1. How much net charge surrounds ALA210 when only the other residues with a Cβ under 10 Å from the Cβ of ALA210 are counted, with Lys and Arg +1 and Asp and Glu -1?
2. Under a 1.4 Å probe, what is the accessible area of segment 1-72 per residue, stated in Å²?
3. 5 Å is the cut-off here: which amide hydrogens, built 1.01 Å from N in the peptide plane, fall below it relative to TYR144, excluding neighbours closer than 5 in sequence?
4. Could you calculate the contour length gain from GLU118 to LYS293, that is, 0.36 nm times the residue separation minus the distance between their Cα atoms, to one decimal place in nm?
5. To the nearest 0.05, how large is the calculated FRET efficiency for SER217 and ALA18 if R₀ is 56 Å and r is the Cβ-Cβ distance?
6. Could you tell me how many degrees, from 0 to 90 and to the nearest 10, lie between the Cα long axis of helix 258-267 and the main elongation axis, the longest principal axis, of the Cα atoms of the chain?
7. For THR307 and GLU135, FRET efficiency with R0 = 45 Å and r from the beta-carbon atoms, rounded to 0.05?
8. Say we join alpha carbon atoms closer than 10 Å with springs in a Gaussian network model of the chain; which of HIS199, HIS273, HIS26 then has the biggest fluctuation?
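The values are calculated or read from the model by the stated rules, or taken from the named source; none is laboratory data. It should be emphasised that the depicted structure is a prediction, and the values quoted were computed from it without experimental measurement. Cβ: placed from backbone, ideal geometry, glycine included. Neighbour counts: every protein chain shown. Accessible surface areas use protein heavy atoms only, side chains included; no ligands, DNA or RNA. Shrake-Rupley method; radii C 1.70, N 1.55, O 1.52, S 1.80 Å.
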Amino acid sequence: MREPVFDDVLEAQKRIAAYLQPTPFHEVPVLSERIGCRYFLKFESMQPIGAFKVRGGVNLVSRLGPEEKQAGLITASTGNHGQSIAYAARIFGVRALIAAPNGANADKISAIERLGAEVAFVGKDFDDARVWCEEQCEARGMRYVHSANEPRLIAGVATQTLEIMESEPEIEVVIVPLGGGSGVCGAGLVAKHINPKVHVVGVQAEKAPAFFKSFYSGELQPQPAADTFADGLATRVPYELTFSMIRRYVDEIVTVSEEEMCDAIRLLVSEVHVIAEGAGAAPTAAAMKMDLKGKRVAGILSGRNLTSEHLDIILSGGTPRP
């Protein structure tokens, strides 16, 4: 399995153009004032599934051979990756089976099913569901899609940063939510190719710090739990391909608390009038406590799939439980 390169991103941009439009990207003055920089948001929440993952799904499924399409796809997800595969599978007429942990975001699961994919509930968290998929793919004869160790997924999601750099070539900092790592790897690949001076930041939840601890120790450090309400960040195990790319392309990983993500969600609702789930708000939460004075900063807002229950709790000043 080779790492994707910049030419793969250019090819992905051509492939997804027929199915996905570029998302809005612009400065948000009220956030610029709050943070003390020029703060731009990439509104990946405007994607059909509400998250940047769909870029990777469309790129990957569009390139499957006839035998792989006939076999169908199996993958594990807490929601947004599963939606991306389900969305792409529907476009290209491919069967998809999504393994989700028990208690997964009900809205995301309903969306996956509406897109025509089958859902199997397995285990207590994402990594339990992932292990089940890895055991089942051969027995079922299906094509397994890892949520991060897939070069075509990374190349696909990297197109969001390509759009950022094409729109604002003078961007100095890119801040990306970090769960399995495909988004921040894609961001680093593109940003460093275009301008090696761009500072690339991944954001993890304090309660799901697998990549954070691995990055600063220099070796993979699986964690016993990922107890965050931000299901898009709830990864216990760092992955080989994305960790390798993170070490080469990412400058910094920061963590944000549950309360800081909730504060950022409330800020985005009240001042920007957009809904963000925990992972979608994490870059803004990180920016609020980083020293970005005078910088031109791009934050990835992905995704919008917050349950109404969690939204009610957060807008009431509380913090949801995982």
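1. +1
2. Details: 3360 Å² over 72 residues.
Solvent-accessible surface per residue comes out at 47 Å².
3. ILE74
4. On the way: separation 175, 0.36 × 175 = 63.00 nm, distance 4.73 nm.
The GLU118-LYS293 span can extend by a further 58.3 nm.
5. Values: r = 43 Å, r/R0 = 0.77.
In this case the efficiency is close to 0.85.
6. Once rounded, one gets 70 degrees.
7. On the way: r = 30 Å, r/R0 = 0.66.
Efficiency, rounded to the nearest 0.05: 0.95.
8. Result: HIS273 has the largest fluctuation of those listed.
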